[in-house]
1. Here's a check for you: in the range 135-145, which residue that is part of a helix (DSSP H, G or I) and hydrophobic (A, V, I, L, M, F, W, C) is surrounded by the most Cβ atoms within 10 Å (Cβ to Cβ)?
2. Of the residues that make up the range 146-168, is at least one within 18 Å of Thr195 (Cα to Cα), buried (at least 16 other Cβ atoms within 10 Å of the Cβ) and polar (S, T, N, Q)?
3. Restricting the range 169-196 to residues that are acidic (Asp, Glu) and farther than 30 Å from Lys248 by Cα, which is surrounded by the most Cβ atoms within 10 Å (Cβ to Cβ)?
4. I want to confirm something. Restricting to the range 197-230 and keeping residues that are among the polar types (S, T, N, Q) and modelled with pLDDT of 90 or more, which single residue is surrounded by the fewest Cβ atoms within 10 Å (Cβ to Cβ)?
5. Scanning the range 1-41 for residues that are among the aliphatic types (A, V, I, L, M) and in a helix (DSSP H, G or I), which turns out farthest from the chain's Cα centre (by Cα)?
6. Taking the condition of being open to solvent by 40 Å² or more (accessible area, probe 1.4 Å) and either more than 26 Å from Leu115 (Cα to Cα) or touching a Cys at 6+ places or on another chain (Cβ under 9 Å) (or both), how many residues in the range 18-51 meet it?
7. So, of the residues in the range 115-134 that are of a type outside the set (A, V, I, L, M) and part of a helix (DSSP H, G or I), which turns out to be surrounded by the most Cβ atoms within 10 Å (Cβ to Cβ)?
Amino acid sequence: PANHTLPYKCAVDIRDLIKLDEVMEELGLGPNGGLIYCMEYLTKNLKWLKDQLNKIEGKYVIFDFPGQVELFTQHPACRQIADVLTNDWNYRICTVHLVDAHLCTDPSKYISCVLMSLACMLHLETPHVNFLSKADLIEQYGKLRFGLEFYTDVLDMKYLIPHLGSDGDPFTKKHKKLSEKIIDVVEGFGLVAFTPLSVLEKEHMKNVVQMIDKANGYVRLPKERNAILNSVAKNTGWDTEAIQHFQKKYTGQGAIFEEKEAGAKLSSLPNS
């Protein structure tokens, strides 16, 4: 409801129902409060949404939501919409959650985004895939302290603790114990993992689409099932390959990979 210009044509546009700028003007709300009002208004007018979706029945639908965090971690509106889509309208849905990859270079921000991803997963209760988006810019604001796989697998986050406050931020240093408890919660659930994503990598984007299709059950539809399942079966190791590819190409860890591979090749040569 806040977008004035879109890079694509919408099949269904919520601005035909309600617009953020009009809400802000008429009710005296700020941008955040206005967006929440718009989403609440949609939940009260789901018949309008149903009528619009009926016009494109049988199509693969992508719902492009605003990026306001509390809509997915706390406020009930998006969860209510998801419940109606799945339980009343028989849609197979999954949540695709995008996190800027460069946050991995800041330990405190990375811990925060992992916690946010977990909160979103628990709140929405839908099949869920998390992506580190703009992975080609992952080291735009700093260097990774560990290999990319450390951040995608979300394992042993305690190794980040010594690096908290290393930039001289007194707030981060002061709340190290809080960060330790957050890590305990995240690792206790064991739900969060990420896959790197960049629109510059066309071949990898195809696999991203297949990953989403698998999560929302699209691969189980009879017509496309065989072709898609065969494609997915051929890419069972794709996630690991993608992580290695992005690490080599876009991080300073690439040279390490190349040295290891070169060493492995030399060690496999027969003795003369």
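The values are calculated or read from the model by the stated rules, or taken from the named source; none is laboratory data. Fair warning: this is a prediction, and the values are worked out from it, not measured in the lab. Backbone-built Cβ (ideal geometry, glycine too); neighbour counts: all protein chains shown. Note: accessible area is taken over every heavy atom of the protein model, side chains too, but ligands, DNA and RNA are not part of it. Shrake-Rupley method; radii C 1.70, N 1.55, O 1.52, S 1.80 Å.
1. Narrowing the range 135-145 to residues part of a helix (DSSP H, G or I): 135-137.
Okay, now just the ones that are also hydrophobic (A, V, I, L, M, F, W, C), so 135, 137.
Values: Ala135: 31, Leu137: 14.
The selected residue is Ala135.
2. yes
3. Result: Glu180.
4. If we filter the range 197-230 for residues that are among the polar types (S, T, N, Q), which is where we start, we get 198, 207, 210, 216, 226, 230.
Filter again for modelled with pLDDT of 90 or more, leaving 198, 216.
Working: Ser198: 23, Asn216: 18.
Per the stated criteria, the residue is Asn216.
5. Quick first cut of the range 1-41, residues among the aliphatic types (A, V, I, L, M) only: 2, 6, 11-12, 14, 17-18, 20, 23-24, 27, 29, 35-36, 39.
From the residues that got through so far, the ones that are in a helix (DSSP H, G or I) too are 14, 20, 23-24, 27, 35-36, 39.
Details: Ile14: 23, Leu20: 25, Val23: 29, Met24: 29, Leu27: 33, Leu35: 21, Ile36: 21, Met39: 21 Å.
By that ranking, first place goes to Leu27.
6. Looking only at that region, the number is 16.
7. Kept after step one, since they are of a type outside the set (A, V, I, L, M), are these residues of the range 115-134: 117, 120, 123, 125-128, 130-131, 133-134.
Next, only the ones that are part of a helix (DSSP H, G or I) stay: 117, 120, 123.
On the way: Ser117: 23, Cys120: 21, His123: 19.
The selected residue is Ser117.
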